[in-house]
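Notes follow the structure.
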Amino acid sequence: MSHTPQLPPVAKLEQKTIVDMISRGKRIDERSPESYRPIQIQVGLIEKANGSAQVHLGKSKILVGVKVQTGEPFPDTPDEGVLTVNVELVPLASPSFEPGPPSEQAIELARVVDRGIRESKAIDVKSLVIQKGKKVQVVYVDVYVLDHDGNLIDASAMASLAALVNAKVSKMELKGDEVVAKPGHHSLPVNNYPIAVTFAKVDKTILVDPSLEEEQVMSARLTVTIDKNGSICAMQKGGLSGFSVEELKKAVGLAVQKAAENRAKVLAVAKG
Amino acid sequence: MPEPKQPEKLIDEKGLRIDGRRLDQLRPIKLEVGILDKADGSAYIEQGKNKILAAVYGPREAHPKHIALPERAVIRCRYHMAPFSVDERKSPAPSRREMELSKVIRESLEPVVLTELYPRTMIDLFVEILQSDGGSRCAGITAASLALADAGIPMREIVAACAVGKIEGKLALDLSDAEDKYGEADLPVALVPNSSMITLLQMDGSLTPSEFERGLGMAVEACKAIHSMQREALKKKYHEIKEVVEEKEESEVIA
Amino acid sequence: MLLAEPKHVVAPGELLAEGDHLLGDNAYRIGTQIFSACVGLFEVDGNRVTVVPLKGGYIPRVGDLVAGRVIDIGLSGWTVDIRSPYLAMLPASETPGPRGPRRRDLSTTFDVGDMMLSEVLAFDRTRDPLLTIKGPGLGKISTGRVVEISAAKIPRLIGRKGSMISMLKNETGCQITVGQNGIAFVWGKSPENERLAVEAIYMVEREAHTRGLTDRIREMIAKSNVVGEIARTQTA
């Protein structure tokens, strides 16, 4: 059951500073409301994974490993491979993360990232079938949050996309009853490049890429995931308050622009 | 990724191992301190293909309250492997192996931490294996004790750890994945150097008492070598800032 | 006999001295040898050997000026987070106003989330810290910027006889109050002034172990346009 979270006490003085600065058009770290923190992307750090990527978004750090293994399809989709996105909010990333089974925050994060990849059809799941209804390739995207300084959604989505593009897999085939790897490595069939853009509503202003300080005083959160054609492929509203229709329209417009910029950054590194 | 096949020989005619090392040689080690922003202390180690992050939070308020002790700080420790850290994807739920290693790692570090200074509090130690390559518990201890020092937690010493094993009948230092898997024995050891106290000792496989004695000697020497790298890494963080700012100043004076 | 170089960074377990020295903070003795118990700067004061820590959290001491945030309101006082492993209590009796529980709504004095400047009245190994706001300059803080740094760097931020902090105040034109627990408050004429002071405080934290820091910070402030502008507006 989901319940109102036990919120840390609102830091009133810090909130006042953040709101006062925004009313002058600047954020506490000197950014404009429409700009991202610096983004750094590296790929291929984990040799034992098929693909991997690390994204630094400001001081937030995300490591994603992609593993491709042979498994069984879901009974209702016998002609499709399997894609699963899992998020670990590793306790070393924040004093507020506790060891244990995934929290609702981790599960929401995983599902928002998953939806962007799935709904944009970024991975051609049909091409992952080895034997219809029996054997398919399973793509595990494991998101590891290493340092939490806000906006984990965008950083995780970028790192997941970069790791998928970076992944090298063997083509599998059936020899008798056995699944064997064909020689050579291929890229995963990545056909779309979804990019998540997250906004926070602080006081009356909509900020893109909220830092942890801003998330702690935001009233609501919105994520818009944009595919390579500029269409929306996933959205998620979070937080205890909401947005007006006007605010949503403005956010979508900005998301399209920001997604294009960030997509170029991800692909420049991931495609090498 | 497919599992590497069993090598035909672990030691070649020249007495060198599959990765070209001598029997008494460590894998290359890279240490970095203070690389995480939110943690009170952190350290990163690469040893062979091991890639491990350790972080410390605390001393902080004990949670849950009932674990607090009246006379000292409680240390909590978690050794955990990332799902992508091994050949076959590992479920993120903690395994029995991870739970045991969490305990022995904690017990290897408890003796050096001055826990009596912080009664009723808790110190959290998190060791995350991002990529595993044999000897990850030892590399984890090496990183974890650096993270403790980086957090400014008062401690008697920095603990260093290293394993010795037996492959094809010969004692070999710091086993890699394949050597661990196909070797005959594994002996992980942690050392508190000044007082020469062994705080981690496990063994599996088969060793004669005299092999154990020689093996332990090799491990202690290796721990001492790792210990001096740890000290250097811990100070490097401060030296780098010092050099950058003070050199800049000097060059400005000259200019 | 000293065995490590004074003013240099030492690691836990590092041999500092041997023989007849007095044992200072963060050092321990085995036989005649003295070792460091934390990462810090090795200091020698006469015959006493000490390690000044470079990192570490805040442990309360009676008489310390500390900044805190109210996290809960009870019947007779407030629970206050002072960035230490021990939660502090501010009893209603240690605030100005009518005595006795239930005589007033405590949240009108301090609400959850409010910041305060207080003094540690009592603390020992067995009891959580007790605070007071009876005293000049103590009480609720509802304006200014909050800067959090490691409590271990506070002595450096204050400087010898307050030299660093008075320089910061003079050069940035800001009022600055520093809690021993690593929280400082900054009040300036403009947000730009405040930002400059905040940046300078972070610089002290980052470079606390280096030499010539006061001069470098003075230079950093002088180079920024903000103070120049202030000077201009003042002369105009």
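Below, the figures for the structure above:
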item: Other protein chain Cβ atoms within 10 Å, averaged over every residue that makes up C:123-130; result: 2
item: Stretch in chain C that is longest and holds no trypsin sites (Lys or Arg not before Pro) that DSSP places in a loop and that have at most 10 other beta carbons within 10 Å; result: C:104-236
item: Residue with peak Gaussian network fluctuation, chain A [Cα springs, cutoff 10 Å], from A:His185, A:His56, A:His148; result: A:His185
item: Candidates A:Ala220, A:Ala157, A:Ala200: whichever shows maximal mean-square fluctuation once chain A is modelled as a Gaussian network with Cα springs under 10 Å; result: A:Ala220
item: Kyte-Doolittle mean at least 0.5 and Cα axial length at least 18 Å: DSSP H helices in chain A; result: A:152-166
item: Equivalent ellipsoid semi-axes, chain C, via Cα gyration tensor eigenvalues times 5, rooted, Å; result: 35, 29, 12
item: Cα-Cα over 31 Å, subset of B:Lys9/B:Lys51; A:Lys59/B:Lys236; A:Lys16/B:Lys237; B:Lys237/C:Lys169; A:Lys48/B:Lys65; A:Lys132/A:Lys249; result: A:Lys16/B:Lys237; A:Lys48/B:Lys65; A:Lys132/A:Lys249
item: Volume in Å³ per residue [convex hull over Cα atoms, computed for segment A:1-153]; result: 158 Å³
item: Principal-axis tilt of helix B:96-109 within chain B, Cα atoms, nearest 10 degrees; result: 60 degrees
item: Sorted largest first, extent of segment A:113-184 alpha carbons per principal axis (Å); result: 51, 24, 16
item: Alpha-carbon centroids, segment A:1-41 and segment A:243-272: separation in whole Å; result: 19 Å
item: Per-selection Kirkwood Rh - segment B:29-254 (Cα, Å, 1 d.p.); result: 18.3 Å
item: Whole-number percent relative contact order across segment A:9-270, with pairs defined as alpha carbons under 8 Å at least 6 apart; result: 20 percent
item: Principal axis dimensions, segment A:211-272 - Cα atoms, whole angstrom, descending; result: 41, 26, 15
item: Of B:Arg76, B:Arg27, B:Arg96, the one that fluctuates the most in a GNM where chain B has Cα springs shorter than 10 Å; result: B:Arg96
item: Semi-axes of the equivalent ellipsoid for segment A:135-272, Cα gyration tensor, largest first, Å; result: 36, 15, 14
item: Over chain B: helical MRE at 222 nm, DSSP H runs n ≥ 4 each giving -39500 (n - 2.57), nearest 500; result: -11000 deg cm²/dmol
item: Diffusion coefficient, µm² s⁻¹, Stokes-Einstein with Kirkwood Rh over alpha-carbon pairs of segment C:145-235 at 25 °C and 0.890 mPa s; result: 188 µm²/s
item: Fraction of accessible area attributable to carbon and sulfur, the protein assembly as shown (%, probe 1.4 Å); result: 53 percent
item: Isotropically averaged projected area of segment A:1-58, using the convex hull of Cα atoms (one quarter of hull area), nm²; result: 7.7 nm²
item: Fraction of the pair-distance distribution of segment A:67-154 above 15 Å, Cα-Cα pairs, percent; result: 62 percent
item: Shielding by partners, peptide B:234-241 (average Cβ within 10 angstrom, other chains); result: 5
item: Per residue, the convex hull volume that the Cα atoms of segment C:58-190 enclose (Å³); result: 113 Å³
item: Principal semi-axes in Å for the protein assembly as shown [√(5λ), Cα gyration tensor, largest first]; result: 44, 38, 24
item: When the convex hull of its Cα atoms is projected in every direction, mean area for segment C:9-53 (nm²); result: 2.4 nm²
item: Mean projection area, nm², convex hull over Cα of chain A; result: 15.5 nm²
item: Cα convex hull volume per residue for segment C:65-141 (Å³); result: 85 Å³
item: Solvent-accessible area per residue, Å², over the protein assembly as shown with all protein chains present [probe radius 1.4 Å]; result: 44 Å²
item: Scaled radius of gyration (Cα, divided by 2.2 N^0.38 Å) that segment B:1-146 gives; result: 1.22
item: Averaged over B:125-134, number of beta-carbon atoms from partner chains that fall within 10 Å; result: 4
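The values are calculated or read from the model by the stated rules, or taken from the named source; none is laboratory data. All values derive from a computational prediction rather than experimental measurement. For neighbour counting, all protein chains shown are included, and Cβ atoms are generated from backbone atoms with ideal geometry for every residue, glycine included. Protein only, heavy atoms only, side chains kept; ligands, DNA and RNA dropped before computing areas. Shrake-Rupley method; radii C 1.70, N 1.55, O 1.52, S 1.80 Å.
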